[in-house]
Structure formats: C-alpha cells, structure tokens
1. If each residue of separation counts as 0.36 nm, what is the full-extension length gain between Glu13 and Asp132 once their alpha-carbon separation is subtracted?
2. Give, as a single signed number, the net charge of other residues whose beta carbon lies under 12 Å from the beta carbon of Arg129, with Lys and Arg counted +1 and Asp and Glu -1.
3. Full extension from Leu174 to Asn94: what is 0.36 nm times the residue separation minus their Cα-Cα distance, to one decimal in nm?
4. Skipping prolines and chain starts, which residues have an amide H placed within reach, meaning under 5 Å, of the one on Tyr127, given they are 5 or more residues away or on another chain?
5. What order do you get for 137-146, 162-171 when each peptide is scored by the mean count of other beta carbon atoms within 10 Å, highest first?
6. Note the full-extension length gain between Thr5 and Cys140 as 0.36 nm times their separation in residues minus their Cα-Cα distance, in nm to one decimal.
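Values quoted throughout were computed directly from the atomic coordinates according to the rules given, and no laboratory measurement underlies them. Quantities reported herein were computed from a predicted structural model and do not represent experimental measurements. Cβ atoms come from the backbone with ideal geometry, glycine included; neighbour counts cover every protein chain shown.
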Amino acid sequence: LQLATRLGIPYREGFIKNRYIGRTFIMRGQAVRKKSVRQKLNTVAVEFKGRNVLLVDDSIVRGTTIQEIVQMARDAGAHKVFVASSAPPVRYPNVYGIDMPTRSELIAARRSEEEIRREIGADALIYQRLEDLRRAVRDCNPALTSFEASCFDGVYITGDVTLEYLDRIERARLAPRAADDTPRNQLSLAIEPADA
C-alpha cells in the first residue's frame, strides 16, 4: 500500500488469501509447496486482465511461491508482471532457530538477480538493498547500530559459522531426504558444533 501511494498508482488486492494454508517456504517437498501456493491464493481476474502489475512480496526464499504467483497473474490476463521484494536477496540460511532451507535450496544463493528474474518468470525484479533496509530501521530507532543480517550478507554474529559448518548442516538435512524409503524412526541426525 505504501509503495503504491509513493508511486502514485492504484493499489488493488489481486489475490484472495486462504488463511488456513501455512507458510509455504517451510513445507517439505517442492511439489507440496507448489500445490499449496495454488490452494493458498485465488486470483481476482478483473484486477489483472490486460494490465501491467507490480507484485510486492516480503521476501523471496526458494522462489517457488513467487514463481507460482507470477504465473497465476499471467494466467489471469496480466500483460506484464513486475516483482518487488521488500527484503534483500536471501543468500544464506539462518542458523539461529528459524527453520530455513539450505543454501542449495535458496534461489538467490548462487544466482544473479537477472537469473532469478528469469527463473521466476517476471518481466522485472527489484530487491530491497541491504543498506537501505538498515537505514530504514535506524530511522525508526537511531539507537540500533548493528544488525543480524546473516541470511542476506553471510556475516553471522556469533563468529563461529563457517562455510564448512553450513556444508555439514546441509548434508545432514539432505541425507534423510535421500533416504525417504527408510522409516523415520530408523533415521538419526546429529549436527556437530561448529568447532568440532
């Protein structure tokens, strides 16, 4: 709403959200995530037909959700679909308690913004810049001088998270998926401390 106001363009709700479908980025399995996006949102076709639309998302994690949303907008008749993310590119996992995908699952981990734009099928993609995000937070509270932004910049505040540590976590998370035929009660998972 604020972006539309700032740009002087009409704000419309082009999607109706089903509040009973949870966050898709943490759901297990790509097929489940794609299906859930279609169940989570319904298009209001009159808001898309023949129009250029700007979709604003809070963040792009795997890219599954926004890719489906872009396609749904096109299916509803949008002429062009632009995407803006109010977060910078998520390039690194959060290791401090948020159940996030591994680096190999993060759409921005190893892709340029142009590659991401093509992957999600948008006509243009605009990310929030990290320094602009920091400045906006400081403007609200000047007492804040440092930020934990590891999922954007890879700088972990504890100082003990290395690429080797992230690789170990990734291998540990992906191993059970490779053994999906093994009953869950026979799988064990141990994550070593970073200094091991």
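1. Working: separation 119, 0.36 × 119 = 42.84 nm, distance 2.63 nm.
Stretched out fully, the Glu13 to Asp132 stretch lengthens by 40.2 nm.
2. Working: positive: Arg134, Arg135; negative: Glu113, Glu131, Asp132, Asp153.
Here the count lands on -2.
3. This chain segment gains 27.2 nm when fully extended.
4. Those lying under 5 Å, H to H, from Tyr127 are Ser85.
5. Values: 137-146: 8.9, 162-171: 14.0.
Result, highest mean Cβ count within 10 Å first: 162-171, 137-146.
6. 46.6 nm
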